[in-house]
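A single structure is presented below for examination.
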Ligand SMILES: C[S@@+](CC[C@H](N)C(=O)[O-])C[C@H]1O[C@@H](n2cnc3c(N)ncnc32)[C@H](O)[C@@H]1O
């Protein structure tokens, strides 16, 4: 029987990503396991820096690239414009915040939000090294975003929402902080609808971004329930049997009004590292 509570699971996530940040700060990859977003090199084509093109990688300090633990490239999806305000949920080593800050320019602003002190320290160092001045890194959890309502044009995120133990809260918070008409451009691991919660847990750990993934239908229903329209969830590459890196897009057209998301029980943490 699985006795891991949501709080224990979140603590394990924090601990594993703190370790990962420390290893990058010491000059290694953010390696803490295999075949997942908490991975270093074994599955490099599916997670991390390889998902960015050469031009984007050229814009980044080496440590930001090494710290990359995402499962997609939300910058491409978000289609950012000069002057916009962007929020990156679970900003890790800061890769997407740095790239966003460059795209929104001096009149725009890029926020990164992360709960792990070691990741925040790494991201701040990387942003400074990249010469980016319009980036702000905040400490906090994505289930309770420390920003006012209607203050953000675009919410991005890269392989983090699957790690949350309260996904309805995350989607409600995204809708709250976005201005009406604001949009999301998110990369995440998403399961095919045929996979049960147990099937997903058999394919990988929670900290490794596999066991906690929503299915495509659950994502769509959750976003609709939180007040989004023009929703699309598109698979980009398979990361495990029936589980994919995916691009999630949607637009907030009305005030947040959560209608309910299928409840996903936290799966046992199989330990990716
Ligand atoms: C898989 S890494 C992705 C980091 C970054 N987005 C990237 O693409 O490299 C997950 C990050 O999300 C953070 N994180 C996980 N759960 C979180 C939560 N509930 N609230 C805030 N940050 C969280 C972790 O500390 C870690 O930095």
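The values are calculated or read from the model by the stated rules, or taken from the named source; none is laboratory data. This one's a predicted model, so the numbers in the text were calculated from it and none came from an experiment. Ideal geometry is used to build each Cβ from the backbone, glycine not excepted, and the neighbour counts take in all protein chains shown.
Out of the residues in region 115-140 meeting the condition of being part of a strand (DSSP E or B) and free of Cβ contacts under 8 Å to residues at least 40 places away in the same chain, tell me which one is farthest from the ligand (Cβ to nearest atom). Give the derivation first.
Step one: of region 115-140, the residues part of a strand (DSSP E or B) are 135-139.
Still in the list and also free of Cβ contacts under 8 Å to residues at least 40 places away in the same chain: 136, 138-139.
Values: 136: 15, 138: 10, 139: 9 Å.
Within region 115-140, the match that is farthest from the ligand (Cβ to nearest atom) is 136.
Here are the criteria: (1) surrounded by fewer than 24 Cβ atoms within 10 Å (Cβ to Cβ); (2) assigned to a strand (DSSP E or B). Tell me which single one residue 248 does not satisfy.
(1)
Now, a different point. How many residues does region 65-79 contain that are assigned to a helix (DSSP H, G or I), in contact with a helix residue (DSSP H, G or I) (Cβ under 7 Å, 6 or more places away or on another chain) and within 27 Å of residue 250 (Cβ to Cβ)? Full working, then the answer.
The first filter runs over region 65-79 and keeps only residues assigned to a helix (DSSP H, G or I), leaving 65-66, 74-78.
This time we only want the ones that are in contact with a helix residue (DSSP H, G or I) (Cβ under 7 Å, 6 or more places away or on another chain), so: 65-66, 74-75.
Among the residues that remain, those that are also within 27 Å of residue 250 (Cβ to Cβ) are: 74-75.
Total meeting the criteria: 2.
Of the residues 20, 100, which is surrounded by 24 or more Cβ atoms within 10 Å (Cβ to Cβ), part of a helix (DSSP H, G or I), within 14 Å of the ligand (Cβ to nearest atom) and modelled with pLDDT of 95 or more? It would help to see each step written out before you state the result.
On the way: 20 fails: modelled with pLDDT of 95 or more.
Within the list 20, 100, the selection yields 100.
Quick one: would you say residue 147 is in contact with a helix residue (DSSP H, G or I) (Cβ under 9 Å, 6 or more places away or on another chain) and not in a strand (DSSP E or B)? Write out each step before concluding.
Details: in contact with a helix residue (DSSP H, G or I) (Cβ under 9 Å, 6 or more places away or on another chain): yes; not in a strand (DSSP E or B): yes.
For residue 147, the condition - in contact with a helix residue (DSSP H, G or I) (Cβ under 9 Å, 6 or more places away or on another chain) and not in a strand (DSSP E or B) - is met.
While we're looking at this one, here's another question. For region 103-129, how many residues are under 22 Å from residue 73 (Cβ atoms) and surrounded by fewer than 21 Cβ atoms within 10 Å (Cβ to Cβ)?
Qualifying residue count for the region: 5.
Checking the condition modelled with pLDDT under 90 and either surrounded by 15 or more Cβ atoms within 10 Å (Cβ to Cβ) or within 27 Å of residue 73 (Cβ to Cβ) (or both), which residue from 240, 267 passes?
Values: 240 fails: modelled with pLDDT under 90.
Residue meeting the stated conditions: 267.
For region 146-171, name all the residues that are under 17 Å from the mean Cα position of the chain (by Cα), surrounded by fewer than 24 Cβ atoms within 10 Å (Cβ to Cβ) and more than 20 Å from residue 224 (Cα to Cα).
146
For residues that are buried (at least 20 other Cβ atoms within 10 Å of the Cβ) and without any contact (Cβ under 8 Å) to a residue 60 or more places away in the chain, scanning just region 74-94, find the one that is farthest from the ligand (Cβ to nearest atom).
Checked region 74-94; the qualifying residue farthest from the ligand (Cβ to nearest atom) is 94.
Sticking with this one: If we keep just the residues of region 172-189 that are in a helix (DSSP H, G or I) and either within 13 Å of the ligand (Cβ to nearest atom) or without any contact (Cβ under 8 Å) to a residue 60 or more places away in the chain (or both), which is surrounded by the fewest Cβ atoms within 10 Å (Cβ to Cβ)? Outline the logic, then answer.
Initially, region 172-189 is screened for residues in a helix (DSSP H, G or I), giving 172-177.
From what's left, either within 13 Å of the ligand (Cβ to nearest atom) or without any contact (Cβ under 8 Å) to a residue 60 or more places away in the chain (or both): 173-174.
On the way: 173: 23, 174: 27.
For region 172-189, the residue satisfying everything is 173.
Looking at region 154-165, can you tell me whether even one residue there is assigned to a strand (DSSP E or B) and near the ligand (Cβ under 8 Å from one of its atoms)?
If we filter region 154-165 for residues that are assigned to a strand (DSSP E or B), which is where we start, we get 154-158.
If we keep only those that are near the ligand (Cβ under 8 Å from one of its atoms) too, we end up with 157-158.
Checking region 154-165: at least one residue is assigned to a strand (DSSP E or B) and near the ligand (Cβ under 8 Å from one of its atoms).
While we're here: Restricting region 206-231 to residues that are buried (at least 22 other Cβ atoms within 10 Å of the Cβ) and part of a helix (DSSP H, G or I), which is nearest to the chain's Cα centre (by Cα)?
Of everything passing the filter in region 206-231, 219 is nearest to the chain's Cα centre (by Cα).
Determine whether region 65-74 contains at least one residue that is within 25 Å of residue 149 (Cβ to Cβ) and modelled with pLDDT of 85 or more. Even if it seems obvious, please write down each step before you answer.
Filtering region 65-74 for residues within 25 Å of residue 149 (Cβ to Cβ) gives 74.
Next, only the ones that are modelled with pLDDT of 85 or more stay: 74.
Scanning region 65-74 turns up at least one residue that is within 25 Å of residue 149 (Cβ to Cβ) and modelled with pLDDT of 85 or more.
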